[in-house]
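First comes the structure, then the notes that go with it.
The values are calculated or read from the model by the stated rules, or taken from the named source; none is laboratory data. All of these numbers come straight from a predicted model, not from anything done at the bench. Every residue, glycine among them, receives a Cβ derived from its backbone with ideal geometry; neighbour counts consider all protein chains shown.
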Amino acid sequence: MIIIELKYIINEKESNKTIAYILRDKLNISARLLNKLKMNEKILVNNIPVFSNYIVKKDDIITVKIDFIESDNIVPEKIDLDILYEDEYILAVNKPAGMVVHPSANHLTNTLANGVKYYLNNNKKIRAINRLDRDTSGIVLFAKNEYIQECMIKFTNIEKEYIAVTNGILKEKEGIINAPICRKEGSIMERQVSPNGQVAITKYKVEKYIDNKYTVVKLILLTGRTHQIRVHLAYLGTPVLGDILYGEGSNLIKRQALHAYSMNFIHPITKEEIKITAPLPADIDALIR
């Protein structure tokens, strides 16, 4: 079991505020997690359990212990995993194309989460920080603790860089695609650019052209909408090569040529800069070469 113990010392400006305010503002603890901590007497001031309405004073030492045991219904399954990074709090795996990240009604087994559950060899809840489409390869992060998951999703700026090969030539060598995205009416899966959609911003830079037909492009997500890169590139008239949902199939590759290549972020606990890279898979590497 992963135990996280957070400590914080109250300064003069913070005196007379509630401990709930301090936990949310200084330690990035959500209202949901705060309620669980309160119910389990995991909030201490000067080593004494307190309620969330406790008024703090200068030099109070706040201690928060996060050591809940949670389980889920994911079945452990022995799957070969390509581990890119691991520490006490975070696991990064290079997901192959064709694999679903998390079990669903149509994919109960042989998902990345099944393999991670077996690899971690415990009953902890599997917590994916990001997700990739089934046929997109690359980095998927998992948190080993609820607090880490919340920090990474809500408070940590994760720079995500992708590599794609497009069907068509991107004439502008670099730019920003700022086009809102919404679900396409009548479809469960498909998205589209629409003025009524949510804000979606993608930054891109062309790396090379292939046979004056295709473009190798690096993309950075500034927002995280479902299918964002695929929708944005199709919107420009250059869909991801092999993307049968937003473009058309290709005899050059059996899936969409999209790979989650790198992630950079500040570690929520150690405060160190973490850089993770997933090598290009053979099918996309062959296209580019």
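Just a few scattered comments:
- Test: A92 is within 30 Å of L37 (Cβ to Cβ) and either in a loop (DSSP other than H, G, I, E, B) or modelled with pLDDT of 95 or more (or both): yes
- Within region 270-285, the set of residues being outside any loop (DSSP other than H, G, I, E, B) and more than 20 Å from L219 (Cβ to Cβ) comprises E273, I274, A282.
- Considering N16, N28, the condition of being over 22 Å from D67 (Cβ atoms) and not in a helix (DSSP H, G or I) is satisfied by N16 alone.
- From the list I62, I48, the one residue that fits, being among the aliphatic types (A, V, I, L, M) and either surrounded by 13 or more Cβ atoms within 10 Å (Cβ to Cβ) or touching an Asp or Glu at 6+ places or on another chain (Cβ under 8 Å) (or both), is I62.
- Failed item, numbered, when K36 is tested on (1) outside any helix (DSSP H, G or I); (2) farther than 30 Å from L280 by Cβ: (1)
- Only residues that are surrounded by 19 or more Cβ atoms within 10 Å (Cβ to Cβ) and under 24 Å from the mean Cα position of the chain (by Cα) were counted in region 202-215, giving 2.
Quick grid of which residues meet (1) touching a strand residue (DSSP E or B) at 6+ places or on another chain (Cβ under 9 Å); (2) assigned to a loop (DSSP other than H, G, I, E, B); (3) of a type in the set (A, V, I, L, M, F, W, C):
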| residue | (1), (2), (3) |
| --- | --- |
| T109 | no, yes, no |
| G115 | yes, no, no |
| K124 | no, yes, no |
| G138 | yes, no, no |
| F142 | yes, no, yes |
| I169 | yes, yes, yes |
| I176 | yes, no, yes |
| C182 | yes, no, yes |
| E185 | yes, yes, no |
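Rundown of residues vs (1) part of a loop (DSSP other than H, G, I, E, B); (2) in contact (Cβ under 8 Å) with a residue 24 or more places away in the chain; (3) over 30 Å from Y8 (Cα atoms); (4) not β-branched (V, I, T), yes/no style:
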{"residue": "R230", "(1), (2), (3), (4)": "no, yes, yes, yes"}
{"residue": "I244", "(1), (2), (3), (4)": "yes, no, yes, no"}
{"residue": "S250", "(1), (2), (3), (4)": "yes, yes, yes, yes"}
{"residue": "R255", "(1), (2), (3), (4)": "yes, yes, yes, yes"}
{"residue": "S262", "(1), (2), (3), (4)": "no, yes, yes, yes"}
{"residue": "P268", "(1), (2), (3), (4)": "yes, yes, no, yes"}
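- Residues that are surrounded by 18 or more Cβ atoms within 10 Å (Cβ to Cβ) and out of contact with any His (no Cβ under 9 Å at 6 or more places or on another chain), drawn from region 237-252: T238, P239, V240, L241, G242, D243, G247, S250
- Index of the failed condition, P103 passing every other in (1) in a strand (DSSP E or B); (2) out of contact with any Gly (no Cβ under 9 Å at 6 or more places or on another chain): (1)
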